[in-house]
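First comes the structure, then the notes that go with it.
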Amino acid sequence: SQKIEQNSEALNIQEGKTATLTCNYTNYSPAYLQWYRQDPGRGPVFLLLIRENEKEKRKERLKVTFDTTLKQSLFHITASQPADSATYLCAPDSGGGADGLTFGKGTHLIIQP
Amino acid sequence: NAGVTQTPKFQVLKTGQSMTLQCAQDMNHEYMSWYRQDPGMGLRLIHYSVGAGITDQGEVPNGYNVSRSTTEDFPLRLLSAAPSQTSVYFCASSKTGKNNQPQHFGDGTRLSIL
């Protein structure tokens, strides 16, 4: 069955540094992969979508890569700020029709001043 | 911009009670879905709908019913609440059901079953 793995431990990064979050998937090949941000008590908010034929996607300080050989996506936040502290969810497509997305459990990112 | 609106925000039920979680979107999205989020489990798909009059089961549908009589509304019904249904429930919508569409989420309903 499909499996999505994100680092379950919190990631502590000093302000100004680049934060890198990892999403690994196994047993299937998604055509799309999305990243979401979730703040405490709120619903997830869409950040970026990358297609299997795209190696990299950027949006302001955010960058996502998609390596279909390694079955891995990396999510980077450059020049990190305390306001970037949140849980980040990886969501590859479910691999078939309109089945919604399959979400990873998320990585909690803490940016320390 | 209302987006996706969920009501109520919090609810406490006794085992065996029934209730309906409401979800409405004002973006004319065809696709709507319900997820539950539990500690250590991530978001899991309960039911989804690709348009008015069409619904289908997700990963964890047991104990829940849905209907989609209008494009805007997608209520989730708990028929006989059980403690295992204590969770945070999120409704989401997107333009279509294609997996290249961003999902728009509500802020959730926090449900406790005693």
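Taken together, the values in this text are just the output of simple stated rules run on the coordinates, not laboratory data. The shown structure was predicted, so the numbers you read here are calculated from the model rather than taken from an experiment. All Cβ positions, glycine included, derive from the backbone under ideal geometry; neighbour counts span all protein chains shown.
Is there a quick way to get the dipole size of region B:37-114? I mean about its Cα centre, with the Cβ of Lys and Arg at +1 and of Asp and Glu at -1; what is the value in debye to the nearest 20? Charge dipole of region B:37-114: 80 debye, to the nearest 20. Spacing of the modelled spin labels on residue A:54 and residue B:52, each 7 Å from Cα toward Cβ, amounts to 3.3 nm.
Taking the DSSP bridge list for the protein assembly as shown and keeping only pairs wholly inside it, about 90 percent are antiparallel.
For chain B, a Gaussian network of Cα nodes joined below 10 Å ranks B:32, B:41, B:19 by mean-square fluctuation, and the top entry is B:41. Please compute the net charge surrounding residue A:111, taking Lys and Arg as +1 and Asp and Glu as -1 over other residues with Cβ under 10 Å from its Cβ. Result for the neighbourhood of residue A:111: -1. Placing a label point 7 Å from the Cα of residue B:22 along the Cα-to-Cβ direction, the residues of region B:64-82 with a backbone N closer than 17 Å are B:67-78.
Modelled label positions at residue A:7 and residue A:83, each set 7 Å beyond Cα in the direction of Cβ, lie 2.4 nm from each other.
First measure r as the distance between the Cβ atoms of residue A:70 and residue A:15, then evaluate 1/(1 + (r/R0)^6) with R0 = 22 Å and state the FRET efficiency to the nearest 0.05. Write out the running numbers ahead of the final one.
Numbers: r = 30 Å, r/R0 = 1.34.
Computed FRET efficiency for residue A:70 and residue A:15 comes out at 0.15.
Assuming charge only on the beta carbon of Lys and Arg (+1) and of Asp and Glu (-1), the dipole of chain A about its Cα centre is about 140 debye to the nearest 20. Across the protein assembly as shown, the convex hull enclosing all Cα atoms gives 122 Å³ per residue.
Normalized C-alpha radius of gyration of region A:35-113, against 2.2 N^0.38 Å?
Numbers: Rg = 13.2 Å, N = 79, 2.2 N^0.38 = 11.6 Å.
Scaled against compact globular proteins, the figure is 1.14.
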